[in-house]
Amino acid sequence: MGIIVHHLENSRSQRVLWLLEELQLPYEVVRYGRESTTGRAPKAVADIHPLGKLSLLQDGSLTLAESGLIFEHLLGKSPVDIGQPIDPIIRQRYQLFMHYAEGSLMPPLFALLVLNRMGDAARAAISELKQSFAEHLTWMNAELETRVWFAADSFTAADVMMSFPLEAARQRGGLDSRYEKLNLFLERVHAGRRIAPRWPRADLTRLPDTSSRSENSTPVPVSTSLCVSRSGRRASSRTIIFQASQAVHSS
Ligand SMILES: N[C@@H](CCC(=O)N[C@@H](CS)C(=O)NCC(=O)O)C(=O)O
């Protein structure tokens with residue numbers, strides 16, 4: 001059994017798909033729809049790992065939860081060099097953003113998601129949380145004043161990790177046009193273009209056509225066009241669709 005990615009629609013686990021494409025590792029995907037009333041992951045996920053949350057990855061006998069751990073595991077399996085940089089200062093920044101994405105950014109963004117559903121009763125809490133989240137936005141924006149990507153001028157896996165909280169911040173965390181560098185970062189992510197890559201690859205600017213991709217082809221995160229590989233090539237993959245309580249379908 002090779003790598004199996006358990007992917008929940010509109011979730012953090014889209015980063016794992018993007019990373020796998022960058023690393024050009026073969027994988028299979030089991031896709032889950034969210035429960036329609038609660039937005040939660042289906043109960044079947046808890047059969048794979050008791051937390052029942054995604055990101056979730058299986059590799060042979062290993063079952064790994066937590067995006068950061070999954071990233072470390074996958075980066076160790078590929079010769080593609082977008083993991084821990086050698087330079088100590090860049091490495092420290094890389095590690096900072098790897099941890100910061102889930103450790104500091106996602107908790108308030110999750111709180112905002114929940115509070116937004118509560119309507120007027122939560123207005124004061126939302127305002128306070130957004131005010132404090134603006135400190136994160138200001139700092140991150142300033143970080144990108146001096147370099148193109150979060151760790152360095154070269155793209156690293158830390159940028160993949162940071163992409164999801166910044167998407168969420170644009171939706172509900174107050175990331176608007178005031179934060180020019182963060183918007184530029186997201187534009188670069190969506191365009192799939194890498195500035196100053198560390199290693200030459202053919203045809204960096206040609207984007208794969210995702211417009212007519214069917215469920216039978218390589219999965220692409222449904223909410224964004226994040227899953228674009230540096231080379232325009234896609235790792236070989238297979239999709240298994242698991243919609244809430246339906247049977248598994250394999251292609
Ligand atoms: N820090 C964890 C967060 C896991 C998490 O909360 N995942 C969300 C997806 S965005 C989830 O599974 N939500 C569905 C649920 O809790 O039922 C990670 O990076 O994997």
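The values are calculated or read from the model by the stated rules, or taken from the named source; none is laboratory data. Predicted, not measured: the structure shown is a model, and the values here were computed from it. Note: ideal-geometry Cβ built from the backbone for every residue, glycine included; neighbour counts use all protein chains shown.
Tabulated results
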{"item": "Options Ile48, Ile86: the member that is over 29 Å from Arg172 (Cβ atoms) and β-branched (Val, Ile, Thr)", "result": "Ile86"}
{"item": "Tally of residues being touching a helix residue (DSSP H, G or I) at 6+ places or on another chain (Cβ under 8 Å) and either within 16 Å of the ligand (Cβ to nearest atom) or under 15 Å from Leu20 (Cβ atoms) (or both) across region 66-86", "result": "12"}
{"item": "Residue pairs meeting the criteria (Cβ under 7 Å; at least 6 apart or on separate chains; first assigned to a strand (DSSP E or B), in region 62-77; second loosely packed, with under 13 Cβ neighbours inside 10 Å and at pLDDT 95 or above)", "result": "Ala65/Leu51"}
{"item": "Residue satisfying condition, being under 22 Å from Asp81 (Cβ atoms) and not assigned by TED's automatic domain parsing to the domain that holds Arg117, within set Arg34, Arg15", "result": "Arg15"}
{"item": "Search result, residues across region 62-113 that are among the aliphatic types (A, V, I, L, M) and in contact with a Pro (Cβ under 8 Å, 6 or more places away or on another chain)", "result": "Ala101, Leu105, Met106, Leu109"}
{"item": "Residues located in region 87-101, provided they are within 12 Å of the ligand (Cβ to nearest atom) and surrounded by 18 or more Cβ atoms within 10 Å (Cβ to Cβ)", "result": "Met98, Ala101"}
{"item": "Leu137 vs. criteria surrounded by fewer than 16 Cβ atoms within 10 Å (Cβ to Cβ) and either within 27 Å of Pro26 (Cα to Cα) or of a type outside the set (Ser, Thr, Tyr) (or both)", "result": "no"}
{"item": "Number of the condition not met by Tyr27 [criteria: (1) over 30 Å from Ala152 (Cα atoms); (2) buried (at least 18 other Cβ atoms within 10 Å of the Cβ)]", "result": "(1)"}
{"item": "Residues being of a type in the set (Ser, Thr, Tyr), surrounded by fewer than 22 Cβ atoms within 10 Å (Cβ to Cβ) and at pLDDT 95 or above - total across region 140-165", "result": "1"}
{"item": "Residue match in region 84-93 (condition: in a helix (DSSP H, G or I) and on the phi > 0 side of the Ramachandran plot)", "result": "no"}
